[in-house]
Amino acid sequence: MTSKVTAILMAFGDGAVLTLTEIAGIAKLPTSTAHRLASELLAWRLLERTEQGGYRIGLPLRIIGKDAADFDVLNRAILIMRARPVLGELARTIRTDAKLGTLLNDEVVYLGHSGPSATGSAPLTPTLPAHATAIGKALLAFSPTSVVDRILAEGMRTAKTVTTSDKIRQALSVIRLTQVATARDELQADRSAIAVPVFSGGGKVAAAIELTIREPGMDVNAATGALTVACRSLSRQLATELRDQGSDQSCGHGNETAV
């Protein structure tokens, strides 16, 4: 199915808006198959409908696509596809919101969301400051030092919290050891969260998954354990799939590499 989804996403070049018939023709798929996969891609937020009824690339991939090659965008799409059932299972098991995000410039871009608020009337905020979120800290802990320095320098100038850059760096050191990040009341007074990184192979962080902590009464240790197991499993799947995808791409496109 990944190859068919890739074919559909590759049909959208330069901000194209396509009809279902055009998608099927460009991707060389039966219309029924294109319709089924397009419906799933809509649910995954990889595609979205325009007011005129056409299809276009979804907001998360449009945000990423501004500063990324097509190959990187496709790898993010594979990540979302593999993560969606993981988010759903975590949300059902823990009975809370589960979010998938990645780092872009100085902010976290949310790629997927499952849980009670995912079906509510309020849309998921597409980006949030990395330094003030659990998911952002999980990503920063495994990012290059130059990235951390830039984000903290910018974030501290605009921060509304009393957290200092030194405290954040200390927290990142601990996260590198435990692979678990936390944030308490840094953006919303009634919200806490935990997050665990997802790797794409070779120790390179691809994304992170965050769970909202609903207190009191929530078993945080159990939630952390379930989240850790889920992220490790997703990391193994992602490393294998992106390695295979990278091999296929390198055969046809020289020196391109996976996310």
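The values are calculated or read from the model by the stated rules, or taken from the named source; none is laboratory data. This one's a predicted model, so the numbers in the text were calculated from it and none came from an experiment. A quick note on method: Cβ atoms are made from the backbone with ideal geometry, for glycine too, and the neighbour counts reach across all protein chains shown.
Brief remarks follow.
- Sub-8 Å Cβ pairs linking a first residue in the range 83-100 that is assigned by TED's automatic domain parsing to the domain that holds I213 and at negative phi to a second residue that is surrounded by fewer than 20 Cβ atoms within 10 Å (Cβ to Cβ) and among the aromatic types (F, W, Y), at least 6 apart or interchain, are R84/W44, ordered by first then second residue.
- Total residues in the range 27-44 satisfying the condition of being under 14 Å from S3 (Cα atoms) and touching a strand residue (DSSP E or B) at 6+ places or on another chain (Cβ under 8 Å): the figure is 2.
- Scanning the range 98-110 for residues that are among the acidic types (D, E) and within 14 Å of the chain's Cα centre (by Cα) gives a single hit, E107.
- Helices (runs of 4 or more DSSP H) enclosed by the range 1-44 - at least 2 residues per element that are modelled with pLDDT of 90 or more: 20-27, 31-43
- Elements of type strands (runs of 3 or more DSSP E) in the range 58-145, at least 1 residues being surrounded by 23 or more Cβ atoms within 10 Å (Cβ to Cβ), at pLDDT below 85 and not polar (S, T, N, Q): 107-114
- Note on the range 186-239: residues that are part of a helix (DSSP H, G or I) and either more than 18 Å from the chain's Cα centre (by Cα) or at pLDDT 90 or above (or both) amount to 17.
- Tabulated pairs, the range 179-201, first outside the structural domain of K99 (by TED's automatic domain parsing) and at negative phi, second part of a strand (DSSP E or B) and at pLDDT below 95, C-beta under 7 angstrom, 6+ apart or interchain: none
- Being touching a Phe, Trp or Tyr at 6+ places or on another chain (Cβ under 8 Å) and either surrounded by fewer than 20 Cβ atoms within 10 Å (Cβ to Cβ) or not acidic (D, E) (or both) is a property that holds for L47.
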